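> The structure is given below, and queries will be raised subsequently.
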Amino acid sequence: MYKAADTLLLFGATGDLAKRMLLPSLCALHADGLLAEDLKIIGTARSEMDDAAFRNFAREALEQFLPAERRGGMAEFLNRLSYQSLDATTLDGFKALATKVGEPKTGLAIFLSTAPSLFEPTIKGLQHAGLDGENVRMCLEKPLGTDLATSCAINDAVASAFPEDRIFRIDHYLGKETVQNILALRFANVLFEPIWNSNYIDHVQVTVAETVGLEGRVAFYDDAGALRDMVQNHMLQLVAMLAMEPPTSFDATAIRDEKVKVLRALRKVSAAETVTGQYRSGAISGEAVRGYDDELGKDSGTETFTAIKAHVDNWRWKGVPFYLRTGKRLPERVTEILVQFRSVPHSIFDGAGAASMMQPNQLLIGIQPEENITLSLMAKVPGLDQDGTRLRSVPLDIAMPDAFVGAHRRIAYERLLLDLMKGDQTLFVRRDEVEAQWQWVDAIRSVWEAEGVTPKPYPAGTWGPNAAIALAERDGVSWHDE
Ligand code: BG6
C-alpha cells in the first residue's frame, strides 16, 4: 500500500467534469475534514489563467454545483488550489508543470480528465518531466477508447509509464454508495447467497433510465451511443457485481478477479437479442422536448436507447437472462435492479383463484434517485377464508435514507478521489475488466453492422421502442416500469 498522496494534479481542470463533480467533491471532502491537511491541488488545462483566476473559476463552480451546506471552509479549500496552463500536445510546458508540482513528500496522484486523444501525449510529457516516479499514481476518466483496439492502445500507452498497480480507471458507478451496497446485500447477509442462482432466480433486469438528452455533448455522444456510453462500463459493472462469485475479501485483487470472470463469461449476443432506439420529439414531465436528430442538427444512426438480453454462461447463471436497458429521454431518471425469483415448486393453497394470486418473490434494488430495497413476499390477506386462503404480495421495504438518518448523500467521486489519494484500487476498473467489457460490446456492434440494425424511433418520454417490450415479453417477462 502506498502512502497517501499529498499532491493532486488535475488535467482538464477547467472542463465539465471538474466543474460539476471533481472540484465539488474535493471541497465537500475538505468541509468534512477528510483531505490531508497538507494536500495541494494543482489544476492544469490549456486556458491561460493564474492561480487567482482558477480559484475564482472553482468558486463559481462550487456555488453552482455544491449545495451550500456542504461548502464549509470553502475559502480554505480554495487556498489549496493553484494552476498551470499547459498544451498537452507538446512537451514544452511539462517542465514548468513539474516545477509547479514541486517535490511531493508522500505521493502524487494525477487525474486525467481530458479527451482520450490527449492521454498518450500527456503520458509522454509526464515522463519527459520526470512526473512518473514510483510515488506517482495515474487515474483515468472514461471514455477509455471506442472499442477494444483503441482501448488497448490507451492502456498500452499508460502501461509504458505506470504499472497496473498504479493505474486507477474510473467507472463512477463504483463510487456510488448504492452500487457498493450490492456487495453488502449479497455478502453481508446469509439470506440471499444460497438462492442467488439459476435454481431460484428466473431472470434479472437492470434499468438505467435518464430523462436528459444530449446535454450539449453533441460530438462525443453521437460517436458513442448508448451501448458504448452506458452499457460497456456502468451496466456491465452492475452485472458483474450482481453475478460474481463471493470474493474471499473486500480487496482489490479478490473483487476484481471475480468480476472479470463474469465479464469473460458473457455470452455473445445475437441481433435478435438486442433492440436499439433513437428518441424523437415528445414530452418529459409535461415539457415538450426535441428529437435527437433535431438537437444534433443532422440525421444520425446513433442509438440513444438499447435493450439487451444477456447471459452469463457459467454454472450459477445457466439459463438466467439478464435484461439490460438504458436510454436517454425516458420518462424518469431511475437506476434499478430487479431480481425475479422463481415460483414456489408446489402451491398448497387452493380455493378461489389461489393459484393466480401466487406471485413469485422479487427483490428490487433501487440505485438512484432513491435507494430503496424492496423484497416482495406473499402473505395471507386477513379474513376467515371460508372460500380458501387469500394471498397477496406485500413489500418488505427498506428505505436506506430512513435507515441511516444523518448520513450525507455523497457524490460518487468523493469516495473515488479519496481512494485514489490513499492508493486503494478496489473500486477502480482493472485492465482485464475493461478489455472483457469491450470485447463483448464490440461483438454486439459487429452484429448490428453485419445485420444492418438501425435504431427504431421512440417518442421522448416513453420507455423506448415497442420492440424493447417485445424482447422481454417473448419470454413472458414484463419490464418493471413504474
Ligand atoms: C456518464 C455518461 O458516464 O454517465 C452520461 O457518459 C450519463 O451519458 C452519466 O448521463 C450518468 O451518470 P449518473 O451518475 O447520472 O447515472
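The values are calculated or read from the model by the stated rules, or taken from the named source; none is laboratory data. Note that the coordinates shown come from a computational prediction; the quantities given were computed from them, not determined experimentally. All Cβ positions, glycine included, derive from the backbone under ideal geometry; neighbour counts span all protein chains shown. Side chains are part of the model used for accessible areas, which takes the heavy atoms of the whole protein and leaves out ligands, DNA and RNA. Shrake-Rupley method; radii C 1.70, N 1.55, O 1.52, S 1.80 Å.
> At 222 nm, what helix-only mean residue ellipticity would the chain give, in deg cm²/dmol to the nearest 500, using -39500 (n - 2.57) for each DSSP H run of four or more?
Computed mean residue ellipticity for the chain: -9000 deg cm²/dmol.
> I've got another one for you. How large a share of the accessible area of the chain, in percent, is made up of carbon and sulfur atoms when the probe is 1.4 Å and the other protein chains stay in place?
Result for the chain: 52 percent of the exposed heavy-atom area is carbon or sulfur.
> Calculate the FRET efficiency for GLU451 and GLU193 from the Cβ-Cβ distance with a Förster distance of 51 Å, rounded to the nearest 0.05.
E(calc), rounded to 0.05, equals 0.85.
> Using the C-alpha atoms of segment 56-210, what convex hull volume per residue, in cubic angstrom, is computed?
Hull volume over Cα atoms, normalised by residue count, gives 211 Å³.
> Convex hull over the Cα atoms of segment 88-131, averaged projected area in nm²?
Seen from a random direction, the Cα hull of segment 88-131 projects 3.0 nm² on average.
> Can you put ASP424, ASP313 in order of accessible area, largest first, using a 1.4 Å probe?
Highest to lowest solvent-accessible surface, that is ASP313, ASP424.
> Amide H to amide H, which residues 5 or more places from TYR458 or on other chains are under 5 Å from it, using H placed in the peptide plane?
Those qualifying (amide H under 5 Å, at least 5 residues apart or on another chain) are GLN278, TYR279, ARG280.
> Roughly how many Å is it from the Cα centre of segment 234-299 to that of segment 95-130, as a whole number?
What the calculation gives is 32 Å, centre to centre.
> How large are Rg and Dmax for segment 337-482 when calculated on the C-alpha trace, in angstrom?
22.3, 66
> For ALA288 and VAL394 in one chain, what is 0.36 nm times their gap in residues minus the Cα-Cα distance, to one decimal in nm? Mind dumping the intermediate values first?
On the way: separation 106, 0.36 × 106 = 38.16 nm, distance 3.69 nm.
Using 0.36 nm per residue and subtracting the Cα-Cα distance, I get 34.5 nm.
> Tell me the GluC sites (Glu not before Pro) within segment 136-222 that lie in a loop according to DSSP and have at most 15 other beta-carbon atoms within 10 Å.
Working: sites: GLU141, GLU164, GLU177, GLU210, GLU215; in loops: GLU141, GLU210, GLU215.
Those satisfying the criteria are GLU215.
> Next up: Using the reciprocal of the averaged 1/r over all distinct C-alpha pairs, how large is the Kirkwood radius of the chain in Å?
24.3
> Over segment 7-141, with the other protein chains present, what is the accessible area per residue in square angstrom, probe 1.4 angstrom?
Averaged over the residues of segment 7-141, the accessible area is 42 Å².
> Would you mind working out the accessible area per residue for segment 145-239, using a 1.4 Å probe, and quoting it in Å²?
33
> Using only alpha carbon pairs under 8 Å that are at least six residues apart, calculate the relative contact order of segment 7-141 and give it in whole percent.
Once normalised by length, the contact order is 32 percent.
> Hey, what did the chain get for relative contact order, percent, Cα under 8 Å, at least 6 apart?
Values: 890 pairs, mean separation 88.7, N = 482.
In percent, rounded to a whole number, it is 18.
> For ARG333, what residues show an amide H to amide H distance below 5 Å, using hydrogens built from the backbone and excluding near sequence neighbours?
THR211
> Another question about this same structure. May I ask you to compute the full-extension gain from MET378 to THR426, defined as 0.36 nm times their residue separation minus their alpha-carbon distance, rounded to one decimal in nm? Walk me through the numbers on the way to the answer.
Values: separation 48, 0.36 × 48 = 17.28 nm, distance 3.79 nm.
Once the chain is fully extended between MET378 and THR426, it gains 13.5 nm.
> Can you give me the Kirkwood hydrodynamic radius for segment 1-144, using every pair of distinct Cα atoms, in Å to one decimal?
15.3
> May I ask for the angle, rounded to the nearest 10°, between helix 431-450 and the longest principal axis of the chain, with both axes built from Cα atoms and the value confined to 0 to 90°?
The angle comes out at about 60 degrees.
> Same structure, new question: With +1 on each Lys and Arg Cβ and -1 on each Asp and Glu Cβ, how big is the dipole of the chain about its Cα centre, in debye rounded to the nearest 20?
The calculation lands at about 320 debye.
> Can you give the Rg to Rh ratio for segment 311-414, taking only C-alpha atoms and Rh from Kirkwood?
Using only Cα positions, Rg/Rh for segment 311-414 is 1.08.
> Taking H as built 1.01 Å from N, whose amide H comes closer than 5 Å to the amide H of VAL289, not counting residues under 5 places away?
Result for VAL289 returns GLY282, ALA283, ILE284.
> How large is the Kirkwood hydrodynamic radius of segment 164-249, counting all unique pairs of alpha carbons, in Å?
So the Kirkwood estimate lands at 15.5 Å.
> Hull surface divided by four, with the convex hull built on the Cα atoms of segment 206-318: how many nm²?
Working: hull surface 36.6 nm².
If I average the Cα hull's projected area over directions, I get 9.1 nm².
> Using Cα atoms only, what is the angle between the long axis of helix 177-187 and the major principal axis of the chain, expressed in degrees (0 to 90) to the nearest 10?
Roughly 50 degrees between the two axes.
> Measure nothing but the geometry: give the 0 to 90° angle between the long axis through the Cα atoms of 51-65 and the longest principal axis through the Cα atoms of the chain, rounded to 10°.
For helix 51-65, the angle is close to 20 degrees.
> Still on this structure, I have one more. Once fully extended, how much extra length lies between SER270 and LEU34, figured as 0.36 nm per residue of separation less the alpha-carbon to alpha-carbon distance?
That pair, SER270 and LEU34, stretches by 80.2 nm at full extension.
> Where nothing but the Cβ of Lys and Arg (+1) and of Asp and Glu (-1) is charged, how large is the charge dipole of segment 43-111 around its Cα centre, in debye to the nearest 20? Don't jump to the answer; show the numbers that get you there.
Details: 9 positive and 10 negative charges, 44 e Å.
Magnitude of the dipole: close to 220 debye.
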